[in-house]
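A.B. asks: So that we are looking at the same thing, I have put the structure below in structure tokens.
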């Protein structure tokens, strides 16, 4: 009789759906902490709109995802995420009320320059 079962259920391994629900159950309560501050840090969390800043001699533009007294994490127009030391960033200015992504043909050209055809 035991040989007639072709696909036994493995109760030890959760399904992808169960994993997804568990991840949501863990991460959703953490969402409320995104706007809180740590001692000595500025508020954390995405800011509406885009900013431009100077890092050394290079100007960088994007949406601030989070920042602290030591680091800024910026989502750039090409979709990359940059970690910028706060001590190197200067001359901040708001450039747009919403995130303005680069046009697809610009991203495609950038990727072809970086990786080739």
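The values are calculated or read from the model by the stated rules, or taken from the named source; none is laboratory data. All values derive from a computational prediction rather than experimental measurement. As a convention, Cβ positions derive from the backbone with ideal geometry for all residues, glycine included, and neighbour counts pool all protein chains shown.
A.B. asks: If we keep just the residues of the stretch 90-117 that are under 22 Å from the mean Cα position of the chain (by Cα) and part of a loop (DSSP other than H, G, I, E, B), which is farthest from residue 62 (Cα to Cα)? Working first, answer last.
C.D. replies: First pass over the stretch 90-117, keeping only residues under 22 Å from the mean Cα position of the chain (by Cα): 90, 92-104, 106-108, 110-111, 114.
Applying the additional criterion that residues be part of a loop (DSSP other than H, G, I, E, B) yields 97-103.
On the way: 97: 11, 98: 10, 99: 7, 100: 8, 101: 9, 102: 10, 103: 14 Å.
It comes out as 103.
A.B. asks: Oh, and also: For the stretch 25-36, does any single residue satisfy the condition of being on the phi < 0 side of the Ramachandran plot, modelled with pLDDT of 65 or more, surrounded by fewer than 10 Cβ atoms within 10 Å (Cβ to Cβ) and not in a loop (DSSP other than H, G, I, E, B)?
C.D. replies: If we filter the stretch 25-36 for residues that are on the phi < 0 side of the Ramachandran plot, which is where we start, we get 25-36.
In the following step, the residues that additionally are modelled with pLDDT of 65 or more were identified as none.
No, every residue in the stretch 25-36 fails to be on the phi < 0 side of the Ramachandran plot, modelled with pLDDT of 65 or more, surrounded by fewer than 10 Cβ atoms within 10 Å (Cβ to Cβ) and not in a loop (DSSP other than H, G, I, E, B).
A.B. asks: Sort out which residues of the stretch 70-117 are more than 15 Å from residue 52 (Cα to Cα), surrounded by 11 or more Cβ atoms within 10 Å (Cβ to Cβ) and in contact with a helix residue (DSSP H, G or I) (Cβ under 6 Å, 6 or more places away or on another chain), and write them in order of number.
C.D. replies: Across the stretch 70-117, the qualifying residue is only 71.
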